[in-house]
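Everything below concerns the one structure shown next.
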Amino acid sequence: MANVQEIANRIVDNVERVIVGKRSSVQLTVLGLLCQGHMLIEDVPGVGKTVLAKALSASVGCKFQRIQFTPDMLPSDVTGVSVFNQKTREFEFRPGPIHAQIVLVDEINRATPKTQSALLEAMEERQVTVDGHTYPLEPPFMVLATQNPIEYEGTFPLPEAQLDRFLMRIRLGYAEKEQEIEVLDRQQHQHPLDSLSLAVTVEELQAAQTAIKDIYIDNYIKNYIVEIVRRTRQHPDVYLGSSPRGALALYRLGQARAAMFGRDFVLPDDIKALATVALNHRIIVGPAARIKDVEPSTIVEDILDRVPVPGAQAKA
């Protein structure tokens, strides 16, 4: 797994030339890329969400497209449209911005549910159907969506079906004082993104994506994953818990994290480290708990404290 570790570290180090002081968030984004999953980045404006997506795309050499979601957007503005050609007397398909390898969907909650649903097929099946014709999307296909958690006017909350298609939901947060000063120094003459070089090729990335599927994961770990996910459906503060897709996300993320740290087997610590970012957006808090301002992340942490870690019971 040394090759996967090297590829992951090269991407992380390259992105960190632009994103300062957020190594853990960058590592999570690279994990999502290795797992061929989609990311929801929820944070306030100006912390580097868009820059992170651009830096990741430049590091891998993928075709990049940015979609700015607005309330007046139509699904065809995302997927593409068939246009009648007067010369050939035939309809020609003009692909939309979703036909890229890394797609940044900026302010995803500003579009109407009808336009948001245009992403569902692309995110799950990696294909787009327009006028009865299906167009496959070029691998490695990844959607990086951003949204502002404090702005509610003129926004449309993401439906559960779409939230469930995101592998993880992460936040970047503000940098420390020294790191913000470093940001000023790095951008004195030009933006670091303008001189960012290629870290790995698309072929190397795809080889790493295939390699992580061979990481060994013991039945005890599988049982641990499923038990955590099942507890989200039984917790008293939860109205709707995680779907089996949440267990699949934890399973694949655990393999990717093990490979990133140079191991060919998954540890319970891998699952514990990723459970919150993989499950918190799949949990709907009950009305009574919502009044008490109970967060999904708090529920996941409570579950992790209660579910026995594999191996502890056997050793006792």
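D264 sits among other residues whose Cβ lies under 13 Å from its own Cβ, and their net charge, with Lys and Arg +1 and Asp and Glu -1, is 0.
For the pair H191 and R171, a Förster radius of 35 Å applied to the C-beta separation gives a FRET efficiency near 0.95, rounded to the nearest 0.05.
Does segment 180-239 classify as rounded, prolate or oblate by the C-alpha gyration tensor (a ≥ b ≥ c root eigenvalues; a/c under 1.5 gives rounded; else a/b over b/c gives prolate, otherwise oblate)? Oblate, since a/c reaches 1.5 and b/c is not below a/b.
Taking a ≥ b ≥ c as the square roots of the Cα gyration tensor eigenvalues, with a/c under 1.5 meaning rounded and otherwise prolate when a/b beats b/c, else oblate, which class fits segment 1-70? It is prolate, given that a/c is not under 1.5 and a/b is the larger ratio.
Each principal axis of the Cα atoms in segment 215-316 has its own extent, and those three values, largest first, are 44, 30, 19 angstrom.
Full extension of the chain segment joining R89 with S117 gains 7.0 nm, where the gain is 0.36 nm per residue of separation less the Cα-Cα distance. For helix 244-260, what angle does its Cα long axis make with the longest principal axis of the chain, in degrees from 0 to 90 and rounded to 10? With both axes taken from Cα atoms, the answer is about 80 degrees. Computed from Cα positions, the angle between helix 49-60 and the longest principal axis of the chain comes to roughly 80 degrees.
The GNM of the chain, with springs linking C-alpha atoms under 10 angstrom apart, assigns the highest mean-square fluctuation among F84, F166, F64 to F84. Distance between the pseudo-spin-label points of Q127 and V81 (7 Å out from Cα toward the beta carbon): 2.5 nm. Distance between the C-alpha centres of segment 54-70 and segment 111-186: 12 Å, rounded to the whole angstrom. Neighbours of R17, meaning other residues whose beta-carbon lies under 15 angstrom from its beta-carbon, give a summed charge of 0 when Lys and Arg score +1 and Asp and Glu score -1. The GNM of the chain, with springs linking C-alpha atoms under 10 angstrom apart, assigns the highest mean-square fluctuation among A118, A161, A249 to A161. Rounded to the nearest 20 debye, the dipole magnitude of segment 1-214 is 240 debye, with +1 charges on Lys and Arg beta carbons, -1 on Asp and Glu beta carbons, and the Cα centre as origin. Taking Lys and Arg as +1 and Asp and Glu as -1, the other residues whose beta-carbon sits under 10 Å from that of I102 total +3. Of all DSSP beta bridges confined to the chain, the antiparallel ones make up roughly 40%. Straight-line reach from K49: which lysines fall under 24 Å, measuring Cα to Cα and dropping same-chain residues less than 8 apart? Within the straight-line cut-off, K49 pairs with K22, K63, K177.
Computed over Cα pairs, the Kirkwood radius of segment 51-172 leads via Stokes-Einstein (1.306 mPa s, 10 °C) to a diffusion coefficient of 104 µm² per second. Normalising the average separation of contacting C-alpha pairs (under 8 angstrom, six or more residues apart) by the number of residues puts the relative contact order of the chain at 23 percent.
For the chain, modelled as a Gaussian network with Cα springs under 10 Å, which listed residue fluctuates most, L184, L267, L40? Its mean-square fluctuation being the largest, the pick is L184.
The numbers here are math on the coordinates, done by the rules we state, and not lab data. The structure displayed is predicted, hence computed values, not measured ones. A quick note on method: Cβ atoms are made from the backbone with ideal geometry, for glycine too, and the neighbour counts reach across all protein chains shown.
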